[in-house]
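The values are calculated or read from the model by the stated rules, or taken from the named source; none is laboratory data. What you see is a predicted model, and the numbers here were worked out from it, not measured in a lab. FYI the Cβ positions are ideal-geometry reconstructions off the backbone, even for glycines, and counts take in every protein chain you see. These area figures cover heavy atoms from the full protein model, side chains too; ligands, DNA and RNA do not enter into them. Shrake-Rupley method; radii C 1.70, N 1.55, O 1.52, S 1.80 Å.
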Amino acid sequence: MTRLTKSIRTASLLILSAVLGTYLYIAFGFFSEGEQVPASESGIYFDTYSVERGAPLHIFMHGLDNVKGTIYRLEDRKVRIADLTLTSSEPSEESAYFSYRSGFPAGPAMDLDTTDLSSGYYLLESHDESLESFAAPFIVFDKQCEGIQLVASTYTWLAYNHYVKSNYIDQRSWRLKTAETYIDKAWWLYFQISTRLFSVDTKLKSVPVYLPYRKPIIFANGLIGKLNSRFYMGQSHLLELEWVLVDFLESEGLDYCVMDDRSFAQQIFSSNNDLFVFNGHSEYWSDASLSSLDLLISQDKKILFTGGNNIFRKVHEYDKGLLVTEQKISTKETTGRIGNFYDSLGYGTYAPLTILKPHHWLFNGIDKKIIGHKTFNAASPDEPGGVSGGETDKKNKFSHQFTRLATGNNADEGGADLMYRQLGDGGWLISLGSLSFASGIFMDADVRRLFTNVFNSHVD
């Protein structure tokens, strides 16, 4: 028995050493300082997705010589703000050194004065001499601005800007890619077994991933040539989806301000703001962001989460970008704040919403029991969609402070749960729980009425 125990311990140590060695091998690739990146991977970028009104916006280029562009403000349509020309002193045929922590080292091609720009969403559309087009979004925030406060999901923008992946992961050795693939599959299998079979709340930690700002932006090209937000949005669930709510506020003549995730984390906003709206796909959060949200909850503010898969991954901000530290925040940590949490049930499906509490003020003026049959953001252009769709958040055992007002009709318990919590006498927190929800505003009169009720509550 003693010999068997010793053999088991030896085998365990060998397995542990192999696992740790594999992790270190992968970590070496993630933490390496940089590599040469072909200039053909070209584009426009900034050193952050936001700028405070009055400060210069630093505009950078990679792999481009001469670029002509136009800056638009995203309202109920694109409003032309300024035309500009960017010139780089670096030859486009040369490679550039890319640091995984800092991005590209080149200086800005232009500093744009933002003094005359009001708080809001902006888009720089540009093209080079070959007429290849690029789109780069940015936020102008004003900490003195008051009104409905939109928080753009800029942390998620950065995480979904896959430029690094196309130039980094694909260029690693096959041994490194194979090792990471098997570990990812093992994580996925463990997650499915523990959560689905045994209902274990599993916090998965990844090898830390750096996401520097200073790299070309490639996720916003679907907006090139689009005049307003009212079009089929099958290519991006990021800025395209956020524009819909801006379009609604502009159409209703409501005053609003916009800030980015970084400004929210640093609490760079007026304490007089009463309604905070987390617009779009608010998936990536830092501890500082969570502390800011806790402050709003303690102050009995009005808080609205318009999307799905909210507060799911943990990041840490550093001076050049974000570090992904956790691939999954605990269910309790998120649900205790907003009432629901994402799981993969119903992923990629779309369905209408069944109202469970028809007498709640959120549904004033809505007579139907089932709403939200049509949205822009559907599985394909030929499908009508549904406001419970894409990625959906559900109630769970930690939702006890919240009331479920409605639920999606997706098959196999994949529907979003619309959760509500009263905060003090005048405040509340609403989590719509669905990625496609806001895209129904201009397709379904009842969905539009629901959002009207939300903002009427703020005005009242």
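Residues of the stretch 262-293 being open to solvent by less than 10 Å² (accessible area, probe 1.4 Å) and assigned to a helix (DSSP H, G or I), which ones? The answer is Ser263, Phe264, Ser289, Leu290, Ser292, Leu293.
Every test in (1) closer than 26 Å to Ser439 by Cα; (2) open to solvent by 10 Å² or more (accessible area, probe 1.4 Å); (3) modelled with pLDDT under 95; (4) within 15 Å of the chain's Cα centre (by Cα) is passed by Gln327 save one, and that test is (1). Scanning the stretch 128-175 for residues that are modelled with pLDDT under 85 and open to solvent by less than 10 Å² (accessible area, probe 1.4 Å) yields Tyr163, Asn167. Among the conditions (1) modelled with pLDDT of 95 or more; (2) open to solvent by 10 Å² or more (accessible area, probe 1.4 Å); (3) among the aromatic types (Phe, Trp, Tyr); (4) in contact with a strand residue (DSSP E or B) (Cβ under 9 Å, 6 or more places away or on another chain), Trp361 misses just one, which is (4). Residue count for the stretch 89-105, restricted to those that are modelled with pLDDT of 75 or more, surrounded by fewer than 13 Cβ atoms within 10 Å (Cβ to Cβ) and of a type in the set (S, T, N, Q): 0.
The number of residues in the stretch 331-361 being farther than 19 Å from Ser292 by Cβ and in contact (Cβ under 8 Å) with a residue 24 or more places away in the chain comes to 21. Checked against (1) at pLDDT 80 or above; (2) assigned to a loop (DSSP other than H, G, I, E, B), Leu84 meets all criteria but (2). Inclusion of His316 among residues that are closer than 20 Å to Ser50 by Cβ, open to solvent by less than 20 Å² (accessible area, probe 1.4 Å) and at pLDDT below 95 is not warranted.
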